[in-house]
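Please treat every number below as a calculation from the coordinates, not as lab data. Keep in mind it's a predicted model, so treat the numbers as computed, not measured. Cβ coordinates were reconstructed from backbone atoms using ideal geometry, including for glycine residues, and neighbour counts include every protein chain displayed.
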C-alpha cells in the first residue's frame, strides 16, 4: 500500500537547525547541508526541501520500487540535480553510505520490526556528522 508521504515542516533542516541552535549546538547551515531521509516514500517530504534549498544535497531511500519510481519521476520533471532517491533497505545502510548533517526518519520507526529500529538508531549514531 503506497504511503502518501506529505511534507512535514518539523522535519525540515531549517526547523531542525533552529532547535539545535536553541539547544546550544552549531548545526551545519541549511543552505549547504547534506540530508538523508530513511523511508522517503514518493519524496513528498524530501523533494520540497530540495526545491527550497538548491545548495544542499538530499538523499532518500525506500524499500518500495514503486514509491521510488514515483519520486524519481517528480525529480526528473522538476529538473532537480541536488536530490537522489534509491530502492534500498534501511538494513543495508552501512558506514560506506557516508555522513549527513541531518537524518530524517518520519513515520517509519514506529511501525518497523525491532531489528530495523535498532538499525535506524545505529545509522543515526554512525552516519550523522558531528
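Each of 93, 19, 116 has some number of other Cβ atoms within 10 Å of its Cβ, and from fewest to most they run 19, 116, 93. By the beta-carbon count within 10 Å of each Cβ, the least crowded to most crowded order of 81, 122, 96, fewest first, is 96, 81, 122.
Per-residue Cβ neighbour counts within 10 Å put 23, 89, 56, 11 in the sequence 23, 89, 11, 56, beginning with the fewest. Between the labelled values (i) 21, 19, 13; (ii) 47, 10, 10; (iii) 31, 20, 8, the entry that holds semi-axes √(5λ) of the Cα gyration tensor in Å as derived from this structure is (i).
Considering Cα pairs under 8 angstrom that are at least six residues apart, work out the relative contact order of the range 25-65 and quote it in whole percent. Present the calculation step by step, with values, prior to reporting the outcome.
Numbers: 49 pairs, mean separation 20.7, N = 41.
About 50 percent, as a whole number.
I need to check one value: relative contact order of the range 32-127, counting alpha carbon pairs closer than 8 Å and at least 6 residues apart, in percent. Provide the component values of the computation, followed by the final result.
Details: 153 pairs, mean separation 31.3, N = 96.
Relative CO of the range 32-127 lands at 33 percent.
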